[in-house]
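See structure below.
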Amino acid sequence: MKACAGDWVEVLSKEDILRTLDKDGRLEGLPFMPQMFRYCGHRFRIYKSAYKTCDTVSGQYAGRRLQDGFHLSLRCDGQAYGGCQAGCLIFWKSAWLKPVDGPGKVQYVPKPVQSPSEEARSPPRCTESDVLGATKRRGSDGEARYCCQATELLNYTTPLSLWDVRQYVDSYRSGNTTLPEIARGFLYLFYYYGTLAFSDRWGGPARWLYNRIQALTGGVPFPRLRGAIPLGQPTPRRDLGLRPGDLVRVRSYGEILATLDVGLSNRGLRFDAELVPFCGKVFRVKACVERFVDEQTGQLRRMKTPAVILEGVSCKALYHGKRMFCPRSIHLWWREIWLERASIDACPRASLSSIQAGARATADKAASNAGGVAIAEQVLKNGSLTDDTFMYLGESSCSQTVSR
């Protein structure tokens, strides 16, 4: 199926999808997860073409190629995976979708009945129970190991070289990325390596010049400065008691660096370069993460210090050459010490407009999904989604390492 970002598709029926799966509930190694069944028969806009993704399993965070993959702004709810709260964007194969003209009502079309001889020749079909059973297995230690699209990523993707020019052509042709965005990405990479800005010893002048230019133009500061705390020393913690829907301001980049060790980590959570563009801006809390499935081991892990996910804040893959323009949009995780409570009255005009713009963008996405008009109206009225509407939409973590 040839489709681009913004095109309408319809998820096939449960029966049709089951015919594409093996007994482990997979198609070409990609698991079809139990929560995906709820979207069967519904229509959605393609969020992005998933022609590539990033390796979050091996720890290399390099690019990986995926054939015939798409994202529909639908995220995993974690219910089949021990209540994992990572909210990963779901992968869809083109074999599970069909192109349609728009969000009109789905019409039922009776399918021809196979003759007994045809049914006898049909290969064994996967069942819904098989799909559910494939989500978990027991490790050698007797503990549960979860299997999902994130943990199995290396089984349905292939290595993708940084120098493979086709991926950047695909990024533009699929509608994922505009030419100005691609140009800005490469301009940063050329500056980063061409001026030795990455070097602790020789890159000081280049980093200073970069920040000077960005300050004059209102751009993002150099996103790879070092933290202030020596390795081995404890990093500070602050508990704000945040809840979904709370309004927060991300602290300035300089204030956050003061909470990080030289490895850019606070209590085991790394402050990635992709977080820097959001410093100083105001957002609503989307979720507080206390447990997640470790993509390397499949174990359900609990965080000693909970992390925070903010509405509309996800990885854009702008500052990593190995996974440049990755469309996976992994949620970025924040420590509460990197945030401060905010109120609408105290928000600068620019920050307030960004919140409203984020709400409107969420409304537009809601309207693009089946039955999304009423949800869009609610988003524009309240500025955020309720838990119920989040479950309906599914919603549309980067190289942030997390300790237990």
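Taking the mean number of other Cβ atoms within 10 Å as a proxy for protection, how do you rank 151-160, 175-184, 79-88 from highest to lowest?
Answer by packing, highest mean first, reads 79-88, 151-160, 175-184.
With r as the distance between the Cβ atoms of A258 and M1 and R0 = 41 Å, compute the FRET efficiency 1/(1 + (r/R0)^6) and round to 0.05.
Details: r = 50 Å, r/R0 = 1.21.
Rounded to the nearest 0.05, the efficiency is 0.25.
Taking the alpha-carbon centroid of each part, what is the distance from the stretch 1-69 to the stretch 189-237 in angstrom?
Spelled out, the Cα-based centre of one part sits 37 Å from the other.
What FRET efficiency comes out for the pair W202/Q67, r = Cβ-Cβ distance, R0 = 35 Å, nearest 0.05? Each step should come with its number before you reach the end.
On the way: r = 42 Å, r/R0 = 1.19.
Given R0 = 35 Å and the Cβ-Cβ separation, E is 0.25.
Using packing as a proxy for protection, rank 128-139, 326-337 so that the peptide with the highest average count of other Cβ atoms within 10 Å comes first. The partial results should precede the final answer.
Numbers: 128-139: 15.2, 326-337: 23.4.
Result, highest mean first: 326-337, 128-139.
Tally Lys/Arg at +1 and Asp/Glu at -1 over every other residue whose Cβ is under 12 Å from the Cβ of R26; what's the total?
On the way: positive: K23, K93; negative: D22, D24, E28, D130, E152.
Once all neighbours under 12 Å are counted, the net charge is -3.
Over its Cα atoms, what ratio of radius of gyration to 2.2 N^0.38 Å does the stretch 177-222 give? Mind dumping the intermediate values first?
Values: Rg = 11.3 Å, N = 46, 2.2 N^0.38 = 9.4 Å.
So the stretch 177-222 has a normalised radius of gyration of 1.20.
First select every other residue whose beta carbon is under 14 angstrom from the beta carbon of G63; then total the charges, Lys and Arg +1, Asp and Glu -1.
Working: positive: K52, R64, R65, R166, K322, R323, R328; negative: D55, D164, D170.
Net local charge, G63 excluded: +4.
Report relative contact order for the stretch 177-222 in percent, whole number only (criteria: Cα-Cα under 8 Å, sequence separation at least 6).
On the way: 22 pairs, mean separation 8.5, N = 46.
So the answer I get is 18 percent.
How high is the FRET efficiency between L216 and C40 when r is their beta carbon distance and R₀ equals 51 Å, given to the nearest 0.05?
Efficiency, from the Cβ-Cβ distance: 0.45.
Bear in mind these aren't lab numbers, they're just calculated from the coordinates by the rules spelled out. Just so it is clear, the structure is predicted and the values come from calculations on it, not from any experiment. We place every Cβ from the backbone using ideal geometry, glycine too, and count neighbours over all the protein chains shown.
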